[in-house]
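The values are calculated or read from the model by the stated rules, or taken from the named source; none is laboratory data. The structure presented is a predicted model; accordingly, all values stated were derived computationally and were not measured. Quick reminder, even Gly has a Cβ in these numbers, built from the backbone with ideal geometry, and neighbours come from all protein chains shown. Just the protein is used for accessible areas: all its heavy atoms, side chains included, with ligands, DNA and RNA removed. Shrake-Rupley method; radii C 1.70, N 1.55, O 1.52, S 1.80 Å.
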Amino acid sequence: MSDNAAPLWELSLSDFRDTVAREPMPGCGAVAVVSADLGLALVLKGLHLSQHHDATAPRQALIDKGASLKQHLAPLAQEDVAAFEAFMAAVGRDKEDEGRHDAIHAAAQTAVEVPLKTAQLCEAALALTQQAGEHIEQQFVSDAHAGARLIHASLHSVLLNVDANAGQLGSDAARDRARLSRNGLAQCADTLLTAITDSAAGRGPGSGV
């Protein structure tokens, strides 16, 4: 994206889609953030509409927590674009430039930190979805379940950027830390989605719930 491009969240859906299809940026990280944010919105839909029918304090606490997660998640789409552009600028420096390797290592650090932060927020959103299960009315369970699947897919998608960029970190210890964090987040997300899916199946039309 050029410096004068509109912020991602100010684009129409069709403009965002077409920019993804035609331009180097936004890439998979930013698309994953947007997808996760929409998935969280589906979970919040179930909570909001259930709260409208029958207001409870625990449900409101979950709504407030979800709203906070959305607020922290959304800006990471733009941060992902900036991180990738900085990384490519570092890689594109003259190979005779003595500062090139240090610049690449520093840019790679950000290019790994942003997707890891995104994945951490996705994990928190999945944990929220699991907690919200009993507070969402039956007619909205499918929305929340679909939202969880979007969040889960987004988490795994954004971790591809960790896989791609961790090798450019400046030390073996940094690379090991990044990969350890990446694997832990992936495993936790899988466990949470299984729990959410099992709970949704237990509340299906034939479950008697």
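When restricted to residues that are open to solvent by 20 Å² or more (accessible area, probe 1.4 Å), more than 18 Å from Gln120 (Cα to Cα), in contact with a His (Cβ under 9 Å, 6 or more places away or on another chain) and touching a residue at least 12 places away in the same chain (Cβ under 8 Å), the stretch 141-194 contains 2. Does Ser35 count as without any contact (Cβ under 8 Å) to a residue 12 or more places away in the chain and under 30 Å from Ala164 (Cβ atoms)? Considered against the rule, which asks whether it is without any contact (Cβ under 8 Å) to a residue 12 or more places away in the chain and under 30 Å from Ala164 (Cβ atoms), Ser35 comes out as no.
Any residue in the stretch 59-80 that's over 16 Å from Lys45 (Cβ atoms): show its pairings with residues that are basic (Lys, Arg) at Cβ separation under 9 Å, as long as the two are six or more apart or on different chains. What qualifies is His72/Lys117; Leu76/Lys117; Glu79/Lys117. Do we find a residue being of a type in the set (D, E, K, R), over 24 Å from Gly184 (Cβ atoms) and either assigned to a loop (DSSP other than H, G, I, E, B) or at pLDDT 95 or above (or both) anywhere in the stretch 113-136? Looking for residues that are of a type in the set (D, E, K, R), over 24 Å from Gly184 (Cβ atoms) and either assigned to a loop (DSSP other than H, G, I, E, B) or at pLDDT 95 or above (or both), one finds none in the stretch 113-136, hence no.
The residues of the stretch 101-132 that are under 17 Å from the mean Cα position of the chain (by Cα) and among the polar types (S, T, N, Q), listed by number, are Thr110, Thr118, Gln120, Thr129, Gln130. Counting the residues of the stretch 95-120 that are open to solvent by 30 Å² or more (accessible area, probe 1.4 Å), closer than 21 Å to Val31 by Cβ and in contact (Cβ under 8 Å) with a residue 60 or more places away in the chain gives 1. Restricted to the stretch 32-58, and to residues there that are open to solvent by less than 20 Å² (accessible area, probe 1.4 Å) and either of a type in the set (Asp, Glu) or more than 12 Å from the chain's Cα centre (by Cα) (or both), the residue that is farthest from Arg149 (Cα to Cα) is Ser50. Within the stretch 70-86, can one find any residue that is open to solvent by 80 Å² or more (accessible area, probe 1.4 Å) and either among the hydroxyl-bearing types (Ser, Thr, Tyr) or more than 20 Å from Val158 (Cα to Cα) (or both)? No, that holds for no residue. Yes or no: Asp94 within 14 Å of the chain's Cα centre (by Cα) and among the acidic types (Asp, Glu)? Against the criterion (within 14 Å of the chain's Cα centre (by Cα) and among the acidic types (Asp, Glu)), Asp94 does not qualify.
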